[in-house]
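Before any comments, here is the structure.
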Amino acid sequence: MIVLFLPMLLNDFKKKFNDSLKGDYPQTEINSFFRHLTDFYFQWPPTFLALNPRYTLDEAALEKLSSALNELKQHKPLQYILGEAHFYGRRFYVDERVLIPRPETEALVDWILTDHSEQEKAVDVLEVGAGSGCIGVNLAKENARFNVEAIEVSESALTVARQNASLHEVKVDFILQDLRALEVWKKPLDVVVSNPPYIEPDEKKEMLPNVLNHEPHLALFTPKKDPLYFYKKIIVLAQASLKSNGGLYLEINPKYYRALKTFINNKNFKDIEVRNDIFGKKRMLKALRS
């Protein structure tokens, strides 16, 4: 069926946009959606509507905005609609094959870079669970001494990660590998970093539909009743692979940080530190290999 889009005043479309979404999103988020869409599609400044109250959307512009509106009504994340997310000051391609990078993860990248800012030798890094590649790509981009390898169980996610490495012109060695079948890395490492699946399936009822219905469950959920499953695998791998004083850096579920610290305490690690994210939640953990 061919849908015809007749020209419409931008003001009228914005009212339709607001009315269509107000039952599902707060008004501040609706306003943000509209600004992002018009900036992405047309590069309009935030003042465009106020300065052009009689501006008329042509058929092509109306089709783009109407399509985006329909997807927002289905709770599709804006980043997937646009095909991009911003992380650590850079644009990353994203779609439903990978998790959307979160701003709180930027602090994990920053922690690693700060800890190794004065190191003159090469820094051998393994990222466990590459996803979109946002962690590994930024580490390689920010510091040329970082030799970054990244494993990922999803071949489709690796396609996205490699696309982002190419976009930012960095070398990251992305490898198809199931963590569950890996006990030691092929060479000694200075850094192991991971933002693994850490949501227990029983937490689904607490999740928003834009995450639950669109982001890849493979990257979100742990086995049922075992919220530390992937952390335990990563810690065993790090214990076997890190050099003495090498760093393990993890993004963590605040609900389970005490249990995670206890597990690490019983392994060959020292100087365990937990930090809050930008929202004040315990979100990052660092431990050094003894």
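Miscellaneous remarks
- Cα-derived Rg over Rh, computed across the stretch 38-95 with Rh taken as Kirkwood radius: 1.02
- Charge dipole (Cα centre; +1 on Lys/Arg Cβ, -1 on Asp/Glu Cβ; no other charges) of the chain amounts to roughly 740 debye.
- Computed across the chain, the Kirkwood hydrodynamic radius from all distinct Cα-Cα pairs reaches 20.8 Å.
- Restricting the stretch 172-269 to trypsin sites (Lys or Arg not before Pro) in coil, as DSSP defines it, with at most 11 other Cβ within 10 Å: LYS186, LYS224, LYS225
- Among the listed pairs LYS73/LYS281; LYS171/LYS286; LYS22/LYS204; LYS225/LYS286; LYS233/LYS255, those with a Cα-Cα distance over 22 Å are LYS73/LYS281; LYS171/LYS286; LYS22/LYS204; LYS225/LYS286.
- Förster radius 41 Å - calculated FRET efficiency between GLU206 and LEU49 (Cβ-Cβ, nearest 0.05): 0.70
- FRET efficiency estimate (nearest 0.05) - Cβ-Cβ, ASP58 to VAL236, R0 35 angstrom: 0.05
- Ordering SER244, ASN11, THR105 by the projection of their Cα atoms onto the charge dipole of the chain, which places +1 on the Cβ of Lys and Arg and -1 on the Cβ of Asp and Glu, puts SER244 at the extreme positive end.
- With N the number of residues in the stretch 185-290, Rg(Cα) / (2.2 N^0.38 Å) evaluates to 1.11.
- Positive-pole candidate from LEU218, ALA150, ALA161, dipole of the stretch 107-255, charges at beta carbon: LEU218
- Considering only chymotrypsin sites (Phe, Trp or Tyr not before Pro) in DSSP loops that have at most 14 other Cβ atoms within 10 Å, the longest stretch of the chain without any of them is 56-278.
- Accessible area per residue for the stretch 134-220, computed on protein heavy atoms with a 1.4 Å probe, is 47 Å².
- In order along the stretch 227-235, phi translates into HN-Hα couplings of x, 9, 3, 6, 4, 4, 4, 5, 5 Hz, rounded to whole numbers, per the Karplus curve 6.51 cos²θ - 1.76 cosθ + 1.60 with θ = phi - 60° and x for Gly and Pro.
- Label-point separation, ASP115 to GLU155 (7 Å along Cα→Cβ), nm: 3.4
- Among the trypsin sites (Lys or Arg not before Pro) in the stretch 27-97, those located in a DSSP loop and surrounded by at most 13 other Cβ atoms within 10 Å of their own Cβ are ARG54.
- Between LEU167 and LYS15, the contour length at 0.36 nm per residue exceeds the alpha carbon distance by 51.0 nm.
- A full extension of the chain between SER290 and ASP226 corresponds to an added length of 20.4 nm, given 0.36 nm per residue minus the alpha carbon distance.
- Note on the stretch 1-149: dipole from Cβ charges, positive end direction compared against LEU126, LEU51, LEU21; the farthest Cα belongs to LEU51.
- Straight-line reach from LYS282: taking Cα to Cα under 18 Å and skipping same-chain neighbours fewer than 8 places apart, the aspartates and glutamates in range are GLU104, GLU106, ASP110, GLU200, GLU203, GLU251, ASP271, GLU273.
- Computed from backbone phi with θ = phi - 60° and the Karplus coefficients 6.51, -1.76 and 1.60, the 3J(HN,Hα) list for the stretch 47-56 is 8, 4, 5, 5, 7, 10, x, 9, 5, 10 Hz; x is used for glycine and proline.
- Considered as an equivalent ellipsoid built on the Cα gyration tensor, the stretch 1-67 has semi-axes of 18, 16, 11 Å, the largest given first.
- The stretch 154-232 shape via C-alpha gyration tensor axes, a/c threshold 1.5: oblate
- Across the stretch 224-284, Cα-Cα pairs farther apart than 19 Å form 29% of the total.
- The distance separating the Cα centre of the stretch 198-269 from that of the stretch 9-65 comes to 39 Å.
- A helix-only calculation puts the chain at -11000 deg cm²/dmol for mean residue ellipticity at 222 nm, using -39500 (n - 2.57) for each DSSP H run of at least four residues, averaged over all residues.
The values are calculated or read from the model by the stated rules, or taken from the named source; none is laboratory data. Note that the coordinates shown come from a computational prediction; the quantities given were computed from them, not determined experimentally. As a convention, Cβ positions derive from the backbone with ideal geometry for all residues, glycine included, and neighbour counts pool all protein chains shown. Side chains included, ligands, DNA and RNA excluded: accessible areas come from the protein's heavy atoms. Shrake-Rupley method; radii C 1.70, N 1.55, O 1.52, S 1.80 Å.
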